[in-house]
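As structure tokens, the structure follows; a few thoughts come after it.
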Amino acid sequence: MSLASTITHPPEPEIHASHDVHEHPFYQKHHFETAEQQREAASFGMWLFLLTEIMFFGGLFFAYLLYRNWYYDAFVSASNSINMVMGLVNTIVLIGSSFTMAMAVWSAEVRNKKLLQIFLLATVVLGFAFLGIKSGEYYDKFAEHHVPGASFDIHDFVHPQPGTDEKALSVDMANKTQIFFSLYFAMTGVHALHMIIGIAILIGLLWYSRSGIYTEGYVQPIENFGLYWHFVDIVWIFLFPLLYLINRH
Amino acid sequence: MSDQVKTNNNLKPVDADQGNLDMHDAPNVMNPEHVAHHIVSPTVYLMIFGVLMVGTALTAGMAYVPLGAFNAPVAIAIACTKAVFVVLFFMHVKYSSKLVKLTVSAGFFTFLVLCMMSLLDYVSRAWGRW
């Protein structure tokens with residue numbers, strides 16, 4: 001039938017069998033032809049959201065790149081003043097939580113509710129551990145007056161502790177460490193915000209997993225949340241060397 | 001769809017690409033967006049976790065080796081490698097459809113383009129006065 005005749009003589013609407021007859025999984029929405037199409041659409045949509053996140057964090061990374069080149073000495077001194085061991089432990093904790101999240105997705109795929117709940121809970125615990133260590137770091141920065149603003153003190157950078165081979169900065173350059181700390185708090189803060197949101201969603205998933213919906217074929221919510229969690233992990237994989245390890249030797 | 005109850009024991013039938021046949025929608029197999037659903041095994045996840053741990057140790061270790069101007073590129077290279085492993089395996093992109101693969105690569109590529117264009121601007125403003 002040509003296009004023109006389709007318009008002038010629309011075909012009779014097809015009468016579909018009722019949904020009681022037509023078999024499809026319980027989680028399939030009516031506007032999808034197949035569960036597979038629904039799954040593909042959900043992954044695609046999640047990735048589009050993550051692309052906006054790349055652009056969001058990307059702006060901060062770009063600002064970091066520029067200022068690091070302009071005020072390299074300030075960035076080195078400021079970077080050396082943050083606790084590298086805490087950062088390293090946090091990296092291990094976060095990659096560990098990514099692993100438990102990946103295992104949670106696997107548990108949902110093989111329909112094991114008990115394992116799914118264990119791995120989701122492990123991810124929550126590791127997420128809190130990360131935030132706890134992060135708060136410790138923030139506490140140190142506040143105690144040392146390294147938080148940009150009115151109470152910021154350049155003393156540590158103009159007169160480094162004797163005995164360390166830290167370079168003494170000029171007053172002008174020492175003030176530029178505030179730019180590093182602004183970026184440090186902005187990037188790790190926004191990253192931590194993502195984790196707080198993530199943990200809230202995780203607790204929600206844990207709650208709803210009791211009904212067993214995620215372990216009867218409806219893997220998509222778990223899988224999409226996994227994508228989000230792994231993305232947050234990737235951001236940290238870049239933040240750790242860029243913020244903590246500029247010039248440690 | 002069969003009425004058989006699916007448990008982790010009978011999710012076995014797989015196609016040549018280890019795609020799980022229970023997850024196939026028979027009417028959709030000829031669809032261009034069709035991709036065999038692949039369940040990544042815990043062994044693979046554990047291996048990737050190991051790779052990421054080695055990468056983390058390597059980043060931390062290399063930071064204490066004086067390489068001059070090369071410290072930063074080495075750190076970035078290790079971070080990118082780790083990120084690629086996370087994207088491909090933890091985020092299943094290796095086993096995803098072409099649409100998802102294209103979406104992911106287009107996103108990172110666009111980010112690089114934006115960085116390049118912004119850098120060109122900053123570098124060229126004070127041309128010769130660096």
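Bear in mind that the values in this text are calculations on the coordinates, not laboratory data. The model shown is predicted, which means the values in this text are computed figures rather than measured ones. Because the Cβ atoms are built from the backbone with ideal geometry, glycine has one as well, and the counts that use them run over all protein chains shown.
Some values worked out for this structure:
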item	result
Gaussian network model of chain A, Cα within-10 Å springs - most flexible of A:H24, A:H194, A:H155	A:H24
D (Stokes-Einstein, µm²/s), Kirkwood Cα radius, chain A, 1.306 mPa s at 10 °C	74 µm²/s
Tensor-based shape of region A:15-108 (alpha-carbon gyration tensor, a/c under 1.5 rounded, otherwise prolate or oblate)	oblate
For the protein assembly as shown, calculated [θ]222 nm from helices alone, where every DSSP H run of n ≥ 4 adds -39500 (n - 2.57)	-21500 deg cm²/dmol
Anisotropy class of region B:64-127 from Cα gyration tensor, a/c 1.5 cut	oblate
Relative contact order, percent, chain A [alpha-carbon distance under 8 Å, six or more residues apart]	30 percent
From phi via Karplus (6.51, -1.76, 1.60), per-residue ³J(HN,Hα) for region A:45-57 in Hz, x at Gly/Pro	x, 4, 5, 4, 4, 5, 5, 5, 5, 4, 5, 5, 5
Residue-by-residue Karplus 3J(HN,Hα) for region B:71-85, coefficients 6.51, -1.76, 1.60, Hz, glycine and proline x	4, 5, x, 5, 4, 5, 4, 5, 4, 5, 4, 4, 4, 5, 4
Dipole of the protein assembly as shown [Lys/Arg +1, Asp/Glu -1 at C-beta], most positive-end residue of A:M55, A:L94, A:Q220	A:L94
Placed amide H near B:H38: partners under 5 Å, 5+ positions off or other chain	B:N20
Counted charge near A:E223, where neighbours are those whose Cβ lies closer than 11 Å (Asp, Glu -1; Lys, Arg +1)	0
Given charges at Cβ of Lys, Arg, Asp, Glu: the protein assembly as shown dipole, positive-most of A:P10, B:F90, B:V65	B:V65
Greater than 27 Å apart at Cα, pairs in A:K141/A:K167; A:K113/B:K82; A:K114/B:K82; A:K29/B:K98; A:K134/B:K82; A:K134/B:K98	A:K113/B:K82; A:K114/B:K82; A:K134/B:K98
Karplus-derived 3J(HN,Hα), 6.51/-1.76/1.60, for each residue of region B:108-120, Hz, glycine and proline x	5, 4, 4, 4, 4, 4, 4, 4, 4, 5, 5, 4, 3
